[in-house]
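For reference, the structure is listed below as structure tokens.
The values are calculated or read from the model by the stated rules, or taken from the named source; none is laboratory data. Just so you know, these numbers come straight off a predicted model, no measurement behind them. Every residue, glycine among them, receives a Cβ derived from its backbone with ideal geometry; neighbour counts consider all protein chains shown. Heads up: the accessible areas ignore ligands, DNA and RNA and are worked out on the full protein's heavy atoms, side chains in. Shrake-Rupley method; radii C 1.70, N 1.55, O 1.52, S 1.80 Å.
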Amino acid sequence: MKMLKSIGLLAVLMLTSVFASAETISPLEETMFSSGKMLVVMAVAAVILIGIFVYLVILDRKIKRLENEAEANN
Amino acid sequence: MLKNWWKVLAFLLLLYVIAASFLVKLGPGLIAVDNTSFQPGQNECIIVGYNTHFDAGQAPEVYFAHDSTYMCGAVEEVIAHDRIRVSLDLPERVKSSVFNVYVRNTRDGTTMLPNAIYLEGVELDANAEGYCTPPVGKNLRLAFEIPFQPVIFETIRNLMFHVPMWFTMFFIMLIGFISSIKYLNKPKREFDLRAEAANRVGITFAVLGLITGSIWARFTWGSWWVNDPQLNGALVTFLIYVGYLVLRAGIDDEQKRARVAAVFNIFAYVILFILLMILPRFSEGLHPGKGGNPGFNSYDLDSSLRAIFYPAVLGWILLGYWIYRLRLRMNRLELKLYYDEDA
């Protein structure tokens, strides 16, 4: 259920960004355009790495919970 | 070790892919022209290149071209390796009002900036002749480098990160699709577990694909979200698969849940396929290969890009499959724990 909530939250966030996409460029975004937009690649690679690690941490926790219950049963 | 050869392969492939994606140099290209509107008479502009070597060897040659009409620019000054000042004597009558810029030198070959200059105050004449001899042939570059593309620049490297997320999602959800068909054919718990594990991992990769695509879009297409058939299709399929999880959470009876979820999942995969692989072929959009093949064609991928992209797809799919196996084993363990008597 917790995962569903977070997915729902993400969906809402993405939908709001669809409608509220600003056309102005902030100074932070300006730096992304420097050095041939190389930072965009770094950001994308970082998002994937973080995403996979977050998934593994969630999996880790669930397995921990199962282990605890298995121990309690025995 | 031998049993897990594909995990080792996944690691080695991704190691190669990440190293190559960040270390292989981007080829030379043109970024911008400082003066984009030309009038009849003498015009001057500075052409800005990227990873170019304008100052190496002979001075570069500059052409302004539209189809087969060529106008020769004169290089006034080589300011730096990526900067030249060029002048052009523009006639009154020309074929088109938009011209591409070509810069050619011995080190970089021919580099091009499409639709670089706009002509003002000229008379359009379809019969206007070319004004100088066109460049002969195209310099072939044999270097192992990532090709330069206008606007995209270095972010072409995202091809090795963003695109395989979707390939992985397709592959893992295919496992779920097949498991669901198998379940309807023969209602065994194992097939339901596989479908659920596959869809959960598939959703994770879809989320990664959406976020990375959104970041890439912001700095190349100009907005976090654009009205592209593939983007909207991806969001809809993502929501459909979230619906799959909501559906599962809403049915308490185990057999009923498995059966309803299997039927839902078969429809979901068909819709996923239609929205991401079929419909984009019939509509216009910003993704490569629109109005045709939604994937790549021979113009989009060159051989050095392929040498990194194909291992990337295989590596990410293997990694995704590994994560799916972990999730599946956890599901089996859960089942064994709660329904020990008939596991």
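When B:Tyr50, B:Tyr70, B:Tyr63 are checked against the criterion of being open to solvent by less than 30 Å² (accessible area, probe 1.4 Å) and among the aromatic types (Phe, Trp, Tyr), a single residue qualifies: B:Tyr63. Can you tell me which residues in the range B:1-44 are open to solvent by 50 Å² or more (accessible area, probe 1.4 Å) and among the aromatic types (Phe, Trp, Tyr)? Correct list: B:Trp5, B:Phe11, B:Tyr16, B:Phe22. Per the conditions (1) more than 15 Å from B:Phe264 (Cα to Cα); (2) within 11 Å of chain A (Cβ to nearest Cβ); (3) in a helix (DSSP H, G or I); (4) touching a residue at least 12 places away in the same chain (Cβ under 8 Å), the sole criterion not satisfied by B:Ile215 is (4). Applying the condition of being in contact with a Ser or Thr (Cβ under 8 Å, 6 or more places away or on another chain) and open to solvent by 40 Å² or more (accessible area, probe 1.4 Å) to the range B:73-103 and asking which residue is nearest to B:Tyr50 (Cα to Cα) yields B:His81. All of B:Val263, B:Val236, B:Val270 fail the test of being in contact (Cβ under 8 Å) with a residue 24 or more places away in the chain, assigned to a helix (DSSP H, G or I) and more than 30 Å from A:Glu29 (Cα to Cα), apart from B:Val263.
Quick check: is even one residue across the range B:261-268 out of contact with any Ser or Thr (no Cβ under 9 Å at 6 or more places or on another chain) and among the hydrophobic types (A, V, I, L, M, F, W, C)? So that I can check it myself, show each step before the final result.
Quick first cut of the range B:261-268, residues out of contact with any Ser or Thr (no Cβ under 9 Å at 6 or more places or on another chain) only: B:267.
From the residues that got through so far, the ones that are among the hydrophobic types (A, V, I, L, M, F, W, C) too are B:267.
Yes: one or more hits.
Within the range A:48-74, being hydrophobic (A, V, I, L, M, F, W, C) and more than 7 Å from chain B (Cβ to nearest Cβ) holds for A:Leu49, A:Ile50, A:Ile52, A:Phe53, A:Val54, A:Leu56, A:Val57, A:Ile58, A:Ala72. For B:Phe309, state whether it is in the same structural domain as B:Trp225 (by TED's automatic domain parsing) and at pLDDT 90 or above. The answer is yes for B:Phe309.
Considering the range B:304-330, and only residues there that are free of Cβ contacts under 8 Å to residues at least 24 places away in the same chain and open to solvent by 60 Å² or more (accessible area, probe 1.4 Å), the residue that is nearest to the other protein chains (Cβ to nearest Cβ) turns out to be B:Arg329. Checking each residue in the range B:122-150 for being modelled with pLDDT of 80 or more, in a loop (DSSP other than H, G, I, E, B) and touching a helix residue (DSSP H, G or I) at 6+ places or on another chain (Cβ under 7 Å) picks out B:Glu145, B:Pro147, B:Gln149. Of the residues that make up the range A:54-61, is at least one of a type in the set (A, V, I, L, M), at pLDDT 85 or above and open to solvent by less than 60 Å² (accessible area, probe 1.4 Å)? Checking the range A:54-61: at least one residue is of a type in the set (A, V, I, L, M), at pLDDT 85 or above and open to solvent by less than 60 Å² (accessible area, probe 1.4 Å).
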